[in-house]
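Working notes, structure below.
Read-outs throughout are calculated quantities, based only on the coordinates presented, and are distinct from any laboratory measurement. Quantities reported herein were computed from a predicted structural model and do not represent experimental measurements. Every residue, glycine as well, gets a Cβ built from its backbone with ideal geometry; the counts of neighbours run over all protein chains shown.
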Amino acid sequence: MSKFRITEKSDLNSQDYLIEVEAPQVAERLRPGQFVVLMTHEKGERIPMSVQKAEDGRITMFIMRLGKTSLELNDYQVGDSFYQVIGPMGNAFPIQRYGTVVWCSDLVCGHAENYAYCEALHRVEGNHVISIQTFPTKDDVYSEEELRSVSDEYYVTTIDGSYGVKGHYIDVLRNLLRERKIDLVLGCGEIKMLKEMADLTRQHGVQARSVLRQIMVDATGMCGACRVFIDGAMKLTCIDGPLFDAHKVNFDEVINRLGMFKKPEGMAKEAYLQSREDP
Amino acid sequence: MMEKKRVPMREQPVEDRIHNFDEVPLGFSAEEAVAEAKRCLQCANPPCMDHCPVLVDVKKFVNEIAEHRFRDAYETLKTSNPIPSIAGRVCPQENQCEGVCTLGRVGEPINIGKLESFIGDWAMDNDVEEPLDIVERPEKVAVIGSGPSGISCSVDLRKHGYRVTIYEALHKPGGVLQYGIPEFRLPKHIVDRELGYLEKLGVAINLNRIVGLNVSFEEILDEFDAVFVCTGAGAPRFMRIRGEELNGVYSANEFLIRTNLMKAYMFPEEYDTPIVVGRKVAVIGAGNVAMDAARCALRYGAETHLLYRRTRTEAPARAEEFEHAVQEGVIFRELVNPIKINGRDGWVESLDLVRMVLGEPDISGRRRPLPFKGSEFREKFDTVIEAIGTMPNRLFLERAEGLEVNKWGGIQVDENLQTGIPGVFAGGDSISGGATVIQALGEGRTAAQSIHRYLSGKN
């Protein structure tokens, strides 16, 4: 059994970073759309993670410095090992001919998914893959070259306009939908923007799917924490998703449920930062 | 001279135990166990053994305790029950051995459960192991799931000499013993030690292997000569009423997994998985899982109400759990049922409830609860935990081609626990949809016999 050794770690920008870890059993089977569950140590959480790449027995994850675990993860160095990398979890996305596909992302997990999907879709003849990334500002941009290499068209937007198109992916998408025939739009990132993406594509009668990143515990269908309501029917993000028809997702509920553990998570983060100050 | 009263079981005082997750009964001392065992009438035709799903020779092991022959008692127990320390703690003895104990007609039945766990614990504490003489066989058997039926099936198969590999989806083995049953009822060091026995026997346990996801059912069928599917009933049922999307609503499974497997009660100091418990908690249901969830909620400091649509008489929970829950301050409210969860700012604020009356008996033989029209009322709660039952996990079932599912969502098997696929057997909650640990143990043993017959007849 592999020890889940970290083989690469680097900053993507001031907030996000990349970790590559040895996990041959996971890497061998993981397909775009699937995710992994990471446990940093034996007493750690089981955290669902998006995977950007799975190759040569290694997987690459994009992580944001946010809660206690992601801060703690930040302290792990190349050569250190994680307790567990479990997976692949969830359903693989069928890689086939869809026509013109747009992939949108504006958050760390989304950027990882963006690459994973585009890399596979791009290789199918007949697909025209358009990848769009959104960042707050120029200094935050990452994965541009990699995404260019796996897409037929690529756009980067910055909210402040300091790089690429000024605005959000939603602005680029709006133009694309107006100008030409799009067959499928996919996205992952800020939920409120996914909701806009869903509304926009619905108006144009274009299919849209969004990757949901709900809170999970076991991620095998046991706890029901990641339940979402699709067209009113309860589905579990872990075993029914994580990709859902964006036109059927109740995004307000999705946003609400993401906030369930904000308070204790804040506490844990505080306690962790404190413990690092006075060792 | 017949002693009508049991030797009292010492317990953690209520005022202490509601602030910790340590085990509630403190267990018999050797002297107490002997004294309790000496009460046994040693019936000529003991009914207790027949009422045990794994046919423990109760009369014999109790007599061995009475004669202070603990090692013999251990060996007697182990021939039929591979995990006495666990079964003694979680079996519903009042419906089985103790329920039919002859002494029960004139006084209190023998405390068979506590004697059983006493012997199991004694053996662990004294590193006593049963003598083993395994004659190796070449055939390989896969066991999918490491809960009670997986454990008993693996042990029996291994004793026959088969090469047994367990696949477990979670990062710790034991299934419901690990994620479901709380520490104060079944300490995890007991589970770990009983499972250590499997490894001593030479059973391989592969953790984090989710059949259907990171190892396919086909691969298992290719690699192994026989398969035992015991994936449990790990998927939660929801009431399907309005408001279940709100924050503050948990399935009992989520609440218990956070608490037992992930140790949320040690958050954030030691463990990283959080839990949010409000001031006033409603637990829906009255089975063992409901009791477990309610007693956990109480330990998190909440005023805890158990809401049940029938009455105490119909409540499926084990007697000891119900008593412990009520002693600890859980408020049991019968004949009441939730119809809607109301929220404010995305969080649970109250429940709409309706009072129930009991009508004619239904197919389960229990009187059917019916809503009492016009009795609807609203009550404030911050947290709702739904403990209305579980069902087999479709993660595996949907990905196991060829396995037939019965109308209850369980795997279809014949009387030998064989599925429609030759060499593939199933048992435990994955066929019944939710029963007891001991029933699962029994089915594991039955499956082991069937697998043995299948494999030895094949060659």
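Below is a table of values for the structure above.
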quantity: Cα-based helix-to-principal-axis angle, A:169-179 vs chain A, degrees rounded to 10; calculated: 20 degrees
quantity: Chain B - Cys residues lacking any other Cys C-beta under 4.7 Å; calculated: B:Cys40, B:Cys43, B:Cys52, B:Cys91, B:Cys101, B:Cys153, B:Cys230, B:Cys296
quantity: Those lysines that a straight Cα-Cα span of less than 16 Å connects to A:Lys235, excepting residues fewer than 8 apart in one chain; calculated: A:Lys248
quantity: Value of relative contact order over chain B, rounded to a whole percent, pairs C-alpha under 8 Å and six or more apart; calculated: 16 percent
quantity: 10 Å Cβ neighbours from other chains, averaged over peptide A:208-220; calculated: 3
quantity: DSSP-defined antiparallel bridges as percent of all bridges, the protein assembly as shown, nearest 5; calculated: 50 percent
quantity: 0 to 90° range, to nearest 10: angle between helix A:262-277 axis and chain A longest Cα axis; calculated: 50 degrees
quantity: Listed residues B:Asn337, B:Ala282, B:Leu417: farthest to the positive end of the dipole of chain B (Cβ charges); calculated: B:Asn337
quantity: Sequence of B:Met291, A:Met216 once ranked by neighbouring C-beta atoms within 10 Å, starting from the fewest; calculated: A:Met216, B:Met291
quantity: For the range A:6-89, diffusion coefficient by Stokes-Einstein and Kirkwood Rh (Cα), 10 °C, 1.306 mPa s, µm²/s; calculated: 126 µm²/s
quantity: Pairs from A:Lys192/A:Lys269; A:Lys269/B:Lys380; B:Lys140/B:Lys263; B:Lys4/B:Lys59 whose Cα-Cα separation, in the structure shown, is over 28 Å; calculated: A:Lys269/B:Lys380; B:Lys140/B:Lys263
quantity: Net charge over other residues, Cβ less than 15 angstrom from the Cβ of A:Glu72 (K, R count +1; D, E count -1); calculated: -3
quantity: P(r) weight above 21 Å for the range B:159-285, C-alpha pairs, percent; calculated: 53 percent
quantity: Equivalent ellipsoid, the protein assembly as shown (semi-axes from 5 times Cα gyration tensor eigenvalues, Å); calculated: 49, 30, 24
quantity: Loop trypsin sites (Lys or Arg not before Pro), the range A:173-279 (other Cβ atoms within 10 Å of the site Cβ: 12 or fewer; DSSP); calculated: A:Arg180, A:Lys181
quantity: Pairs from A:Lys138/A:Lys195; A:Lys3/B:Lys172; B:Lys114/B:Lys407; A:Lys3/A:Lys43; B:Lys114/B:Lys200 whose Cα-Cα separation, in the structure shown, is over 27 Å; calculated: B:Lys114/B:Lys407
quantity: Alpha-carbon centroids, the range B:386-404 and the range A:212-279: separation in whole Å; calculated: 22 Å
quantity: Separation of alpha-carbon centers, the range B:95-150 and the range A:112-182, rounded to whole Å; calculated: 61 Å
quantity: Chain B: translational diffusion in µm²/s, Stokes-Einstein, Kirkwood Rh over Cα pairs, 4 °C, 1.567 mPa s; calculated: 56 µm²/s
quantity: Crossing angle, helix A:191-204 versus chain A [Cα axis fit, 0-90 degrees, rounded to tens]; calculated: 20 degrees
quantity: Farthest positive-ward along the range B:236-390 dipole, Cα basis, beta-carbon charges - from B:Ile363, B:Ile385, B:Leu298; calculated: B:Ile363
quantity: Cα-centre dipole for the protein assembly as shown with unit charges at Cβ (Lys and Arg positive, Asp and Glu negative), debye to 20; calculated: 1980 debye
quantity: Interatomic Cα distance distribution for the range B:308-382, bins of 10 angstrom, percent; calculated: 18, 37, 35, 10, 0
quantity: Low-density loop positions, GluC sites (Glu not before Pro), the range B:311-393 - DSSP coil, at most 16 other Cβ in 10 Å; calculated: B:Glu376
quantity: Those trypsin sites (Lys or Arg not before Pro) in the range B:365-444 that DSSP places in a loop and that have at most 14 other beta carbons within 10 Å; calculated: B:Lys373, B:Lys407
quantity: Taking the convex hull of Cα positions in the range B:14-125, its mean projected area over all directions (nm²); calculated: 7.4 nm²
quantity: Residue order, fewest to most beta carbons within 10 Å, for B:Asp382, A:Asp160, B:Asp222; calculated: B:Asp222, A:Asp160, B:Asp382
quantity: Percentage relative contact order, the range A:1-148, counting C-alpha pairs under 8 Å, at least six apart; calculated: 27 percent
quantity: Over the range B:236-390: Rg over Rh, Cα atoms, Kirkwood Rh; calculated: 0.97
quantity: Radius of gyration and Dmax over the Cα atoms of chain A, both given in Å; calculated: 18.3, 59
quantity: Order of B:Val56, A:Val101 - criterion: other Cβ atoms within 10 Å of each residue's Cβ, fewest first; calculated: A:Val101, B:Val56
quantity: Candidate aspartates and glutamates - alpha carbon under 15 Å from B:Lys373, same-chain residues fewer than 8 apart omitted; calculated: B:Asp352
quantity: Chain B - mean residue ellipticity at 222 nm from DSSP helices (-39,500 (n - 2.57) per run, n ≥ 4, rounded to 500); calculated: -9500 deg cm²/dmol
